[in-house]
Amino acid sequence: MTMLTTPGAAAESTADERLARTHPVVRLLRRPEIGALVAALAIFVYFSVATASFLSPAGVATWLYSASLFGIMAVAVAMLMIGGEFDLSAGAMTGTTGLLVGAFTTQWGMNLWFAMLLALLIALAVGAFNGFLVVKTGIPSFIVTLGTFFILQGLNLAGTKLVTGQVAIQGMTLVPGFEAGKAIFGSTIPVLGVNLKVSVFWWLGITAVASWMLLRTRYGNWIFAIGGQLQSAVQTGVPVKRTRIGLFMGTAAAGWLVGMLSLFDVATVQATTGIGQEFIYIICAVVGGCLLTGGYGSAIGAALGALIYGMILQGIVFAQWDNNWLKAFLGGMLLLAVLVNLSVRRQAGVRA
Amino acid sequence: MSAAGATQAAPILEVRGIGKVYGSVIALSDISTSVGAGEVLCVLGDNGAGKSTLLKVLAGVHPHSSGEVLLDGAAVRFTGPRLALDAGIATVYQDLAIVPLMPVWRNFFLGAELSAGIGPFSRLKVAEMRAITLAQLGRMGIDLRDVDQPIGTLSGGERQSVAIARAIYFGARVVILDEPTSALGVKQAGVVLRYVAQARDHGLGVVFVTHNPHHAYPVGDRFLVLNRGASLGEFDRKGITIDELTRLMAGGAELDSLARELERS
């Protein structure tokens, strides 16, 4: 039972003591990403022991590269999911942007940097379109972005065939400025004897920025509120529409970045790039502690989810297992994560 | 601030002969009442009595059709909730406008976060907001161990109280509480009533909308009883007993006959 205290005095004198009462360990265990951290450590240890090449410099570089591309998308998708929405067009977007830049430069001789800027603007426009449709009509984002996913998939394949007569765009290395672009998006940086792809640093940077946004800016507060209880966010004066549209533009921009990272890495873009990966981003986010219903999650968790995926993806290859185990493993992880997350919501959300 | 039980404070918010018509339905007619600093006005009535309509007029959700609303003695017309809010009239609705999964302090400052820095580089003043939340809740007598716990883990009464404390902190002079105790158990309702008293003692005008005379009577200074959109009168606490208040609300004679009917069956 709450005691009636003298207004002011009592509360102020005990303020500091009360704040300190939550033990740091308890505080840590309350974080949404803790489950993913434990799982990542376990998988890391397992493959390090079970396979010879997992810990080799080349091995580390390989799984970190895989993780980084999924991680960038997973972090953006996690922010959107915390805001209560999905984006199924995020995977296809990584292909669309790469294909656009490829077609603009190799087919029509457009300046590389201008082509990249144009592709970014187109991606942002698609993101804004997704967001606008969801906000204006109230149609679930799952359906809206499923629509844009198929549109992009169709355009990627048909458009590429139409322009090049093939199902891929090649010859990027001949485009003026490609080497400069590669320095930013496709280079390799040696760290402690491991030749890390530059995408790993993009991944770390984006995770850091996203975490900071979510936890230390008003936008973060708004995102959690919108996903947690939309009506309350409206009532307290949060700019709900702007924030939600911004989140869709965020995943589209992340799609562009990943598109550029793969484009400059291999100098070729397949028309099928990114298709089928949209669910992997969502799985990474959920494994990292995001609730499918929104309002809860973390960017670091999503990055860890992607790390887990990257490690398993390459670890299975190193262990020379049948690649199909990956899918089964992924499904199991997802179910486990959903069950853990459910208990989180039970504890915190629903109490009369 | 003194906790004088101010019986005759200068009214902050006053309505005179107010009426509200929705199409051909007269939802409210000729209501006059007022609330001053450090005063609790209870608006009582059964379902459909017009409590919600009066609340919506005061909160600026629906402007009144006739009569006048006075703020500090000057006639005003609230054409939107924002205008009422800017005038210092805050409404705590039943759903409380909280986000259950978010920490208490983030809920407290939701939509009005304190931040430092410019544009996209501005960051939240986390420590300050935590401290303010704790202090403000302490002022209301809400004893929280940790302002970082999700607000959904608080009891219903505590959540209600956080919403009240939030309204007060953000400059409310009059707080309108929409059925704050109706969904609560006896103990929790008691908690909320205590915070209503705390708000009053801090010099706020409180409009307490309820259908429960047992919750209204202990904390109210004056009681406005509504029935079918009209006033059955406004009473000072000294001028009425709780039994009279209950009878009045239930329609007096109607309740007597119901009691007899139930007794026999």
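Looking at (1) surrounded by fewer than 18 Cβ atoms within 10 Å (Cβ to Cβ); (2) farther than 30 Å from A:THR243 by Cβ; (3) not β-branched (Val, Ile, Thr), can you tell me which one A:MET172 breaks?
Among (1) surrounded by fewer than 18 Cβ atoms within 10 Å (Cβ to Cβ); (2) farther than 30 Å from A:THR243 by Cβ; (3) not β-branched (Val, Ile, Thr), A:MET172 violates only (1).
A:ALA303 fails exactly one of the following numbered conditions: (1) at pLDDT below 95; (2) out of contact with any strand residue (DSSP E or B) (no Cβ under 9 Å at 6 or more places or on another chain). What is the number of that condition?
In the conditions (1) at pLDDT below 95; (2) out of contact with any strand residue (DSSP E or B) (no Cβ under 9 Å at 6 or more places or on another chain), A:ALA303 misses (1) alone.
Suppose we keep only residues that are facing chain A (nearest Cβ under 7 Å) and outside any strand (DSSP E or B) within the range B:150-162. Which one would you say is modelled with the lowest pLDDT? Step through it out loud before you land on a result.
Kept after step one, since they are facing chain A (nearest Cβ under 7 Å), are these residues of the range B:150-162: B:150, B:152-153, B:156.
Now restrict to residues that are outside any strand (DSSP E or B): B:152-153, B:156.
Numbers: B:GLY152: 86, B:THR153: 85, B:GLY156: 80.
That would be B:GLY156.
Under 7 Å between Cβ atoms, at least 6 apart or on separate chains: pull out the pairs that start in the range A:137-150 with a residue that is farther than 16 Å from A:ILE245 by Cα and end on any residue that is in a helix (DSSP H, G or I).
Pairs found: A:PHE149/A:ALA92; A:PHE149/A:GLU278.
Based on this model, can you work out whether B:VAL147 counts as within 11 Å of chain A (Cβ to nearest Cβ), touching a residue at least 12 places away in the same chain (Cβ under 8 Å), buried (at least 19 other Cβ atoms within 10 Å of the Cβ) and not in a helix (DSSP H, G or I)? If you could, list the steps in order and put the result at the bottom.
Working: within 11 Å of chain A (Cβ to nearest Cβ): yes; touching a residue at least 12 places away in the same chain (Cβ under 8 Å): yes; buried (at least 19 other Cβ atoms within 10 Å of the Cβ): yes; not in a helix (DSSP H, G or I): yes.
The answer is yes for B:VAL147.
For the list (1) outside any loop (DSSP other than H, G, I, E, B); (2) loosely packed, with under 15 Cβ neighbours inside 10 Å, I need the number of the one condition that B:GLY67 fails.
Here B:GLY67 meets the rest and fails (2).
Looking at (1) surrounded by 21 or more Cβ atoms within 10 Å (Cβ to Cβ); (2) in a loop (DSSP other than H, G, I, E, B), which is the one condition that is false for B:ALA112?
So the condition that B:ALA112 fails would be (1).
Run B:HIS214 past the list (1) crowded, with 19+ Cβ neighbours inside 10 Å; (2) away from chain A (no Cβ under 14 Å); (3) not hydrophobic (A, V, I, L, M, F, W, C) and report the number of the one that doesn't hold.
Unmet for B:HIS214, out of (1) crowded, with 19+ Cβ neighbours inside 10 Å; (2) away from chain A (no Cβ under 14 Å); (3) not hydrophobic (A, V, I, L, M, F, W, C): (1).
Take the range B:189-209 and flag every residue that is at pLDDT below 90 and either acidic (Asp, Glu) or touching a Lys or Arg at 6+ places or on another chain (Cβ under 9 Å) (or both).
Listed by number, the residues that qualify are B:GLN198, B:ASP201, B:HIS202, B:GLY203, B:LEU204.
What number of residues within the range A:195-217 satisfy the criterion of being of a type outside the set (A, V, I, L, M), in contact (Cβ under 8 Å) with a residue 24 or more places away in the chain and within 14 Å of another protein chain (Cβ to nearest Cβ)?
Final tally of qualifying residues: 1.
For the range A:1-120, list the helices (runs of 4 or more DSSP H) that sit wholly inside it and hold at least 1 residues that are at pLDDT 90 or above and either more than 30 Å from A:ALA225 (Cα to Cα) or more than 14 Å from chain B (Cβ to nearest Cβ) (or both); which are they?
Details: elements: A:9-19, A:24-29, A:34-50, A:57-82, A:90-102.
Because the criterion is at least 1 residues that are at pLDDT 90 or above and either more than 30 Å from A:ALA225 (Cα to Cα) or more than 14 Å from chain B (Cβ to nearest Cβ) (or both), the helices (runs of 4 or more DSSP H) in the range A:1-120 that meet it are A:34-50, A:57-82, A:90-102.
For A:LYS136, state whether it is among the charged types (D, E, K, R), within 24 Å of the chain's Cα centre (by Cα) and at pLDDT 90 or above.
Working: among the charged types (D, E, K, R): yes; within 24 Å of the chain's Cα centre (by Cα): no; at pLDDT 90 or above: yes.
So A:LYS136 does not fit the description; no.
What about B:VAL92, is it closer than 18 Å to B:GLN149 by Cβ and of a type in the set (Val, Ile, Thr)?
Details: closer than 18 Å to B:GLN149 by Cβ: no; of a type in the set (Val, Ile, Thr): yes.
Judged against the criteria, B:VAL92 is not a match.
To keep it simple, each residue is scored yes or no on (1) more than 10 Å from every other protein chain (Cβ to nearest Cβ); (2) farther than 21 Å from A:ILE226 by Cα; (3) out of contact with any strand residue (DSSP E or B) (no Cβ under 7 Å at 6 or more places or on another chain); (4) surrounded by fewer than 21 Cβ atoms within 10 Å (Cβ to Cβ).
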site: B:ASP72; (1), (2), (3), (4): yes, yes, no, yes
site: B:ALA75; (1), (2), (3), (4): yes, yes, no, yes
site: B:THR79; (1), (2), (3), (4): yes, yes, yes, yes
site: B:GLY88; (1), (2), (3), (4): yes, yes, no, yes
site: B:GLY117; (1), (2), (3), (4): no, yes, no, yes
site: B:MET140; (1), (2), (3), (4): no, yes, yes, no
site: B:ASP143; (1), (2), (3), (4): no, yes, yes, yes
site: B:ILE164; (1), (2), (3), (4): yes, yes, no, no
site: B:ALA167; (1), (2), (3), (4): yes, no, no, no
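Within the range A:276-335, can you find the residues that are surrounded by fewer than 22 Cβ atoms within 10 Å (Cβ to Cβ) and acidic (Asp, Glu)?
Result: A:ASP322, single match.
Which of the numbered conditions does B:ALA135 fail, given that it passes all the others? Conditions: (1) more than 21 Å from A:VAL234 (Cα to Cα); (2) part of a loop (DSSP other than H, G, I, E, B); (3) free of Cβ contacts under 8 Å to residues at least 40 places away in the same chain.
(2)
The values are calculated or read from the model by the stated rules, or taken from the named source; none is laboratory data. Just so it is clear, the model here is predicted, and its values are computed rather than measured. Cβ: placed from backbone, ideal geometry, glycine included. Neighbour counts: every protein chain shown.
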